[in-house]
Ligand SMILES: Cc1cc2nc3c(=O)[nH]c(=O)nc-3n(C[C@H](O)[C@H](O)[C@H](O)COP(=O)(O)OP(=O)(O)OC[C@H]3O[C@@H](n4cnc5c(N)ncnc54)[C@H](O)[C@@H]3O)c2cc1C
């Protein structure tokens, strides 16, 4: 009898899961349905480049359905809620889908309205986010017209998608204003809820040093309580104030909103409790989770989503065959960090090992924790790899799901900060 798999979300995780499963199994054995609210697949890492005129919003989007292999049903509809007990997904169109196995891949949602004043006066005029295509395009126009003053980059709170993206924005802003010949007229400040530039001590020290070299001020342990767009200031819960002429804010993130309407599915902020090694949800045995929607203690990143794919597919197959699951996902994350001037840094880590210096993936390879042109080229090339290899579910040479250690100068181990 054919097993019915419903995949909620046709972004990075949902697409690669559907394509890998389709390749491994005939349609008569496995019926695969992917649901997404729209047909616009955004290559989100490309959003970083849009404000600086290095990419256009149109260059980083493709139709969602076209990324799915033949033999996968695509349903374009918002999800209304999931009934775990009756194994049924209710869609906003009124239709419903029953499943034998459910994969949650609906990512993280921005909730700017949850910060007082953020979407009030000044929003999209002098307060922006580059985390959406519209926001990134509007910010490009604002930056082009910015002739000097205080630029503040602010992370309201963790977790956020790609925790290094706001730092990359700071580095690129430094380079952008230098190229325009007005760097001395722009004061760049990074206000973060963390106690340093990043969550992991070794990388945090390296990145903090690079911010200082570029004359970018860091305000740490800053928890934004309010954004006053009229007066141009961020107000912290501890009453500290950070004045700005232009603010680039990474809003609070939560899980998809249908999760709150689905009894027993999510936690308090609508992410889905998930076993960090098997990727089986903790809410029902036939529900698995991939990508940003999961509560696993590693970065919310496309690289993590890609590495999770291997364990997820194996465990879906084990589950269907009635076999024990494998606990193989190690939290592997791998991120290029643009530092401007055609250079980038690379970090590679997992649940137990924080980013270390050395080379990736082996003793000869891309430099780790050190900026280089090679890493920048790697970052630029990745867009093509994303569309042509990662989403179709092909194996990527050198990019294994288990974190490689061969090229690393391992000095310490640390559990996720
Ligand atoms: C600015 C920026 C830069 C980034 N840079 C990097 C980077 O350099 N490297 C890296 O590894 N990662 C990066 N990321 C993160 C990466 O894009 C995400 O971690 C990755 O896309 C997560 O995949 P996902 O499948 O979990 O979620 P997504 O790819 O976001 O897919 C979720 C899907 O669910 C759908 N959905 C949500 N709610 C509903 C609903 N109610 N009904 C129907 N459909 C719904 C959405 O439409 C979406 O298509 C970046 C992200 C941003 C925003």
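Coordinate-derived values only; no laboratory data. Note that this is a predicted model, so its numbers are computed, not measured. Ideal geometry is used to build each Cβ from the backbone, glycine not excepted, and the neighbour counts take in all protein chains shown.
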Report task. Provide, as a two-decimal number, the C-alpha radius of gyration of region 284-342 over 2.2 N^0.38 Å, N being how many residues it has. Result -> 1.39
Report task. Once you've got the GNM for the chain with C-alpha springs shorter than 10 Å, pick whichever of 262, 401, 303 has the biggest mean-square fluctuation. Result -> 262
Query raised in the report: Hey, what number do you get for the chain at 222 nm if only DSSP H runs of n ≥ 4 count, each worth -39500 (n - 2.57), divided across all residues, to the nearest 500?
Result: -6500 deg cm²/dmol
Query raised in the report: With springs only between Cα atoms under 10 Å, which of 211, 30, 234 fluctuates most in a Gaussian network model of the chain?
Result: 30
Query raised in the report: Packing-wise, with mean Cβ within 10 Å as the measure, how do 53-61, 130-138 rank, highest first?
Result: 130-138, 53-61
Query raised in the report: Which value in nm describes the separation of the simple spin-label points at residue 62 and residue 114, placed 7 Å from the Cα toward the beta carbon?
Result: 3.2
Query raised in the report: In the chain, what percentage of the DSSP-assigned beta bridges are antiparallel, given to the nearest 5?
Result: 50
**Report entry** For region 321-417, alpha-carbon Rg relative to the globular expectation (2.2 N^0.38 Å, N residues)
**Finding:** 1.19
Query raised in the report: Comparing 36, 73, 270, which has the greatest mean-square fluctuation in the GNM of the chain with Cα pairs linked when under 10 Å apart?
Result: 73
Report task. Mind jotting down a quarter of the surface of the convex hull over the alpha carbons of region 208-274, in square nanometres, one decimal? Result -> 7.4
Query raised in the report: Per 20 Å bin, what percent of the C-alpha pairs of the chain does each bin hold, from zero upward?
Result: 27, 57, 16, 0
Query - Cα-derived Rg to Rh of region 261-384, Kirkwood definition - result: 1.06
Query raised in the report: Which distance in nm do the two modelled labels at residue 23 and residue 286 give, with both placed 7 Å along the Cα-to-Cβ direction?
Result: 2.7
Report task. Report Rg/Rh for region 19-120, rounded to two decimals, where Rg is the Cα radius of gyration and Rh the Kirkwood radius. Result -> 1.05
Requested in this report: Could you work out the equivalent-ellipsoid semi-axes for region 218-334, taking the square root of 5 times each eigenvalue of the Cα gyration tensor, largest first, in whole Å?
Outcome: 38, 16, 10
Query raised in the report: Taking a quarter of the surface of the Cα convex hull of region 63-173, what do you get in nm²?
Result: 10.7
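If the viscosity is 1.002 mPa s and the temperature 20 °C, what Stokes-Einstein diffusion coefficient in µm²/s follows for region 149-262 when Rh is the Kirkwood radius over Cα pairs? Please list the in-between numbers first.
Details: Rh = 14.9 Å.
It comes out at roughly 144 µm²/s.
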